[in-house]
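Chemist: Here it is: the structure, laid out below.
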Amino acid sequence: MGQTRNIGFVGHSGSGKTTLAAALLEQAGEREVQLDSSPEEKRRGYSIDLAVCSCNWKDTKLNLLVAPGLGEFIEETIKAAYTADLVVLVVHGEKPVEVVTEQAWEILAKAGKPVVVFVNMMDLPEADPDKALDALRAGLNAKFWPIQWPVKEDGELVGVVDLLSGEATGPKGKIPIPEGIKGHVEGLKGQLVEEIASLDDALAEKFLSDEEITAEELASALAKGVAEGTFVPVLWGSATGGVGVVELLDALRALAPAPEIEEVPRLGAFNILSAPYLGRIAFVRVTGGELSEGNAWIHLRTGNKVQIRDIYTLRGTKLEKSGKAAGGDIAALGKLEDIALGDTIAVEGAEPYPEPPFPKPVFSRAVYPKSQGDEEKLSTAMRDIVSTKATLKFERDNVTKEAILSGMGDVQLDVVRERLKNRYNVEVELRIPKIPYLETIKKQATAQYRHKKQTGGHGQFGEVHLRIEPLPRGEGFQFVDETKGGVIPQQFIPGVEKGVREAMQEGVLAGYPMVDIKAVVFYGMYHPVDSSELSFKIAARQAFKLAAEKAEPALLEPIMLLTVIAPEAFTGDIISDLNARRGKVLGMESQDGKTVVKAEVPLAELLSYALDLKSMTQGRATFQMEFLRYDFVPAQLQEKIVAEAKASHEG
Ligand SMILES: Nc1nc2c(ncn2[C@@H]2O[C@H](COP(=O)(O)OP(=O)(O)OP(=O)(O)O)[C@@H](O)[C@H]2O)c(=O)[nH]1
Ligand SMILES: [Mg+2]
């Protein structure tokens with residue numbers, strides 16, 4: 001076998017990436033091509049995970065990484081962009097620049113990857129190549145050059161002309177170029193030759209002095225321009241009509257740069273999936289060395305030596321045992337212990353496989369198993385699922401004790417819910433999470449409590465005088481012993497502190513943990529026989545509660561730092577919406593025609609922000625949020641929360 005090329009397919013949902021990949025595989029002779037084959041994908045009718053497949057075209061093995069286009073699955077676009085050596089941006093002929101087209105374009109620019117644009121759906125009546133080209137150039141603000149032109153006959157797409165060779169081909173081979181477009185095609189060819197010549201100094205000189213430039217010279221300058229990212233060729237076709245498919249295969253073979261092969265044997269797990277009958281499969285890019293079954297390499301994250309067991313190569317959409325994989329290739333590994341997304345397995349001394357810049361989760365829901373007793377099963381299954389995705393997180397909230405699943409939006413979380421059921425047989429319900437409120441005090445107060453109990457024989461006695469004071473936000477808890485003259489013997493002081501800490505676990509307002517309090521024990525009494533650590537603990541607990549009630553207890557809520565990036569037209573709507581969410585806008589700036597709004601907003605107002613922002617901006621805005629600090633809940637709201645807590649306590 002000859003060379004290998006790794007190619008990504010990204011673009012907006014519904015642009016036809018999956019259909020196109022299937023057409024390419026079938027054209028290259030692969031059979032039983034099955035994409036979007038997970039039960040969740042079948043039911044929904046669109047892609048969810050990054051699909052990895054492969055075909056041989058002439059002397060070249062083409063590994064295809066096909067991303068889903070729904071915005072919430074953007075991490076798969078990032079995986080494809082960073083793993084592949086060339087990426088095909090698939091766009092819709094009638095509406096080439098959609099939300100995820102723009103996002104993918106930004107990701108590709110950041111990743112510095114060569115790009116080819118494939119304008120799909122050219123069979124549709126409204127798909128006009130001149131308009132599509134204008135839309136691409138305006139929307140993505142880059143030079144795009146058609147290297148082909150679509151051929152329509154009586155309004156029907158029949159093939160494409162290769163502008164450099166001047167040959168037109170359809171699904172069944174050569175076709176004539178209709179008279180009506182000959183002139184236009186000639187003009188485009190002239191522009192193209194000039195543009196390609198400008199990519200190379202020697203060619204530019206030849207062009208200017210009207211010397212003949214050979215087809216080979218043009219082809220190699222074109223490939224160089226693509227590889228360097230200075231030239232973005234545009235190709236056309238219809239995945240369902242089989243138009244432009246052979247031509248795309250040829251173009252990929254000619255234009256995709258060879259994978260870089262490192263000296264140090266290493267592989268990076270860029271995608272993890274569950275395959276029917278095979279279980280968990282890690283798709284790896286072998287960046288150096290040759291991988292063989294039986295290799296014992298080091299799992300860099302765990303530090304353990306791992307035996308490489310089942311090595312598969314991709315054949316169409318199927319996995320075939322191969323026993324080895326060469327540097328530069330993509331392989332699938334089975335039965336790898338403890339493998340998570342982004343892991344590196346390598347010989348000693350190797351650097352970890354670089355992690356692409358994935359976004360952080362922005363949407364959370366609490367997970368409740370439908371049948372009690374499924375908690376254990378749920379956490380094992382969740383650990384499994386979450387370790388395959390960069391944008392999913394699962395953790396227990398320390399305050400509310402809820403199990404929280406976080407991701408990019410409701411669709412992604414719903415897919416997890418479905419997978420839990422289909423694969424792990426755990427049924428769960430997703431609920432709006434409780435807010436992890438905290439309680440604190442606003443002023444100083446003192447209180448005392450005597451714990452005394454006579455239960456025949458040995459009694460219990462302890463008296464504690466406590467002063468509590470507010471601490472600055474985020475200071476937590478401080479305990480000070482100011483007693484003098486042994487009014488409380490030293491050995492019982494720890495009991496006092498324990499009592500206070502226990503009392504703080506459950507606040508006096510609504511039962512939330514209390515924070516940012518300094519507690520000072522300044523006086524007390526003991527009994528030579530009946531006192532014990534326990535007696536003082538009980539006394540301190542009660543004294544604290546009494547003091548807290550007098551110290552103007554107040555609720556604290558988490559405040560998030562929100563960063564919204566949206567087209568300028570939405571700025572007004574976004575800001576007034578943030579005001580309605582009790583947000584405080586910190587600043588706004590312009591960045592490449594977009595507005596970046598930064599604001600502080602209470603978490604309680606952001607529980608469905610991912611959905612609301614999406615509908616407010618037709619999905620054209622993105623946002624991030626991170627925890628900033630806790631701050632007081634406004635009085636009216638506090639009253640409501642306290643009343644609700646009391647009601648649920650009694651109910
Ligand atoms: N008319 C026409 N329909 C097409 C073409 N390519 C794909 N389609 C149809 O468009 C729909 C979406 O195609 P997919 O291949 O699933 O699109 P996708 O880009 O993979 O979508 P996501 O997985 O959501 O990102 C399907 O119904 C396809 O049959 C085309 O060239 N012409
Ligand atoms: Mg798809």
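The values are calculated or read from the model by the stated rules, or taken from the named source; none is laboratory data. Just so it is clear, the structure is predicted and the values come from calculations on it, not from any experiment. With ideal geometry, Cβ positions are generated from the backbone for all residues, glycine too; neighbour counts draw on all protein chains shown. Each accessible area value is taken on the protein alone, full model and side chains, heavy atoms only, with ligands, DNA and RNA left out. Shrake-Rupley method; radii C 1.70, N 1.55, O 1.52, S 1.80 Å.
Chemist: Among the residues of the range 572-608, write down those that are within 16 Å of Gln624 (Cβ to Cβ), out of contact with any Lys or Arg (no Cβ under 7 Å at 6 or more places or on another chain) and part of a strand (DSSP E or B).
Modeler: Val585, Met588, Glu589, Gln591, Lys594, Thr595, Val596, Val597, Lys598
Chemist: What are the pairs with Cβ atoms under 9 angstrom where one residue, in the range 313-338, is closer than 26 Å to Arg383 by Cβ and the other, located anywhere, is part of a loop (DSSP other than H, G, I, E, B) and basic (Lys, Arg)? Sequence gap at least six, or different chains.
Modeler: Leu333/Arg309; Gly334/Arg309; Lys335/Arg309; Leu336/Arg309; Asp338/Arg301
Chemist: On to the next question. Out of the residues in the range 62-72 that are closer than 21 Å to Val99 by Cα and open to solvent by less than 10 Å² (accessible area, probe 1.4 Å), which is nearest to ligand 1 (Cβ to nearest atom)?
Modeler: Gly69
Chemist: Still on this structure, I have one more. In the range 492-507, is there at least one residue being modelled with pLDDT of 95 or more, closer than 30 Å to Phe394 by Cβ and part of a strand (DSSP E or B)?
Modeler: Taking every residue of the range 492-507 in turn, none turns out to be modelled with pLDDT of 95 or more, closer than 30 Å to Phe394 by Cβ and part of a strand (DSSP E or B).
Chemist: Here is a further query. What are the pairs with Cβ atoms under 9 angstrom where one residue, in the range 5-30, is without any contact (Cβ under 8 Å) to a residue 40 or more places away in the chain and the other, located anywhere, is among the β-branched types (Val, Ile, Thr) and open to solvent by less than 20 Å² (accessible area, probe 1.4 Å)? Sequence gap at least six, or different chains.
Modeler: What qualifies is Glu26/Val245.
Chemist: Continuing with the same structure: Under the condition of being surrounded by fewer than 24 Cβ atoms within 10 Å (Cβ to Cβ) and either near ligand 2 (Cβ under 9 Å from one of its atoms) or β-branched (Val, Ile, Thr) (or both), which residue from the range 48-61 is farthest from Ala227 (Cα to Cα)?
Modeler: Checking each candidate, the answer is Ile48.
Chemist: Considering only the range 611-648, state which residues are out of contact with any helix residue (DSSP H, G or I) (no Cβ under 7 Å at 6 or more places or on another chain), of a type in the set (A, V, I, L, M) and farther than 22 Å from Tyr437 by Cβ.
Modeler: Once the filter is applied, which keeps residues that are out of contact with any helix residue (DSSP H, G or I) (no Cβ under 7 Å at 6 or more places or on another chain), of a type in the set (A, V, I, L, M) and farther than 22 Å from Tyr437 by Cβ, the range 611-648 yields only Leu613.
Chemist: For the range 516-557, which positions are among the hydrophobic types (A, V, I, L, M, F, W, C) and open to solvent by 30 Å² or more (accessible area, probe 1.4 Å)? Spell out how you get there, then give the answer.
Modeler: The initial filter retains those residues of the range 516-557 that are among the hydrophobic types (A, V, I, L, M, F, W, C), namely 517, 519-522, 525, 529, 534, 536, 538-540, 543-544, 546-548, 551, 554-556.
Phe522, Met525, Val529, Leu534, Ile538, Leu546 - these are the residues of the range 516-557 that are among the hydrophobic types (A, V, I, L, M, F, W, C) and open to solvent by 30 Å² or more (accessible area, probe 1.4 Å).
Chemist: Only one residue in Gly619, Gly587, Gly572, Gly583 is crowded, with 16+ Cβ neighbours inside 10 Å and without any contact (Cβ under 8 Å) to a residue 24 or more places away in the chain. Which one?
Modeler: Gly583
Chemist: Sticking with this one: For the range 305-312, check the following and say yes or no: at least one residue is of a type outside the set (Gly, Ala, Ser) and without any contact (Cβ under 8 Å) to a residue 12 or more places away in the chain. I'd like the intermediate steps shown before the answer.
Modeler: Initially, the range 305-312 is screened for residues of a type outside the set (Gly, Ala, Ser), giving 305-312.
Adding the requirement that they be without any contact (Cβ under 8 Å) to a residue 12 or more places away in the chain leaves 305.
Within the range 305-312 (the criterion being of a type outside the set (Gly, Ala, Ser) and without any contact (Cβ under 8 Å) to a residue 12 or more places away in the chain), the answer is yes, since at least one residue qualifies.
Chemist: Also, quick follow-up: Please specify each residue of the range 122-147 satisfying the condition of being over 16 Å from Leu89 (Cα atoms) and open to solvent by less than 10 Å² (accessible area, probe 1.4 Å).
Modeler: Of everything in the range 122-147, just one residue is over 16 Å from Leu89 (Cα atoms) and open to solvent by less than 10 Å² (accessible area, probe 1.4 Å), namely Ala127.
Chemist: Here's another thing I want to ask about it. What number goes with the only condition from (1) within 9 Å of ligand 1 (Cβ to nearest atom); (2) surrounded by 23 or more Cβ atoms within 10 Å (Cβ to Cβ) that Lys79 does not pass?
Modeler: Going through the list (1) within 9 Å of ligand 1 (Cβ to nearest atom); (2) surrounded by 23 or more Cβ atoms within 10 Å (Cβ to Cβ), Lys79 breaks only (1).
Chemist: Is there a residue being in contact (Cβ under 8 Å) with a residue 24 or more places away in the chain, more than 25 Å from Glu557 (Cα to Cα) and in contact with a helix residue (DSSP H, G or I) (Cβ under 6 Å, 6 or more places away or on another chain) anywhere in the range 501-520?
Modeler: no
Chemist: Do the conditions hold for Glu40, that is, is it buried (at least 24 other Cβ atoms within 10 Å of the Cβ) and out of contact with any Phe, Trp or Tyr (no Cβ under 6 Å at 6 or more places or on another chain)?
Modeler: no
Chemist: Now a separate question. Of all residues in the range 230-271, which are among the aliphatic types (A, V, I, L, M) and under 23 Å from Ala127 (Cα atoms)?
Modeler: Step one: filter the range 230-271 for residues among the aliphatic types (A, V, I, L, M), giving 232, 234-235, 239, 243, 245-246, 248-249, 251-252, 254-256, 258, 261, 264, 267, 269.
Those that are among the aliphatic types (A, V, I, L, M) and under 23 Å from Ala127 (Cα atoms): Val232, Val234, Leu235, Ala239, Val243, Val245, Val246, Leu248, Leu249, Ala251.
Chemist: Which residues, taken from the range 417-436, are in contact with a helix residue (DSSP H, G or I) (Cβ under 7 Å, 6 or more places away or on another chain) and in contact (Cβ under 8 Å) with a residue 60 or more places away in the chain? Give the steps one after another, and end with the answer.
Modeler: Of the residues in the range 417-436, the ones in contact with a helix residue (DSSP H, G or I) (Cβ under 7 Å, 6 or more places away or on another chain) are 418-420, 422, 424, 426-428, 430, 435.
Listed by number, the residues that qualify are Glu418, Arg419, Asn422, Val428, Leu430, Ile435.
Chemist: Something else: Just the residues that are within 12 Å of ligand 1 (Cβ to nearest atom), within 29 Å of Gly288 (Cα to Cα) and not in a loop (DSSP other than H, G, I, E, B), please, taken from the range 25-55.
Modeler: Listed by number, the list holds a single entry, Ala51.
Chemist: A follow-up question, please. In the list Gly303, Gly327, Gly323, Gly289, which residue meets the criterion of being open to solvent by 10 Å² or more (accessible area, probe 1.4 Å), under 27 Å from the mean Cα position of the chain (by Cα) and at pLDDT below 95?
Modeler: Details: Gly327 fails: under 27 Å from the mean Cα position of the chain (by Cα); Gly323 fails: under 27 Å from the mean Cα position of the chain (by Cα); Gly289 fails: under 27 Å from the mean Cα position of the chain (by Cα).
Answer to the check: Gly303.
Chemist: Now for a separate question. In the list Leu20, Leu108, which residue meets the criterion of being within 16 Å of ligand 2 (Cβ to nearest atom) and at pLDDT 95 or above?
Modeler: Being within 16 Å of ligand 2 (Cβ to nearest atom) and at pLDDT 95 or above holds for just one of Leu20, Leu108, which is Leu20.
Chemist: In the range 1-34, how many are surrounded by 18 or more Cβ atoms within 10 Å (Cβ to Cβ), farther than 18 Å from Gly241 by Cα and not hydroxyl-bearing (Ser, Thr, Tyr)?
Modeler: Residues that pass the stated criteria total 8.
Chemist: Tally up the residues in the range 353-364 that are under 18 Å from Ile261 (Cβ atoms) and either open to solvent by less than 40 Å² (accessible area, probe 1.4 Å) or touching a strand residue (DSSP E or B) at 6+ places or on another chain (Cβ under 6 Å) (or both), please.
Modeler: Taking the range 353-364 as the starting set, the residues that turn out to be under 18 Å from Ile261 (Cβ atoms) are 353-354.
Pick out the ones that are also either open to solvent by less than 40 Å² (accessible area, probe 1.4 Å) or touching a strand residue (DSSP E or B) at 6+ places or on another chain (Cβ under 6 Å) (or both) and you get 353.
Residues meeting the conditions: 1.
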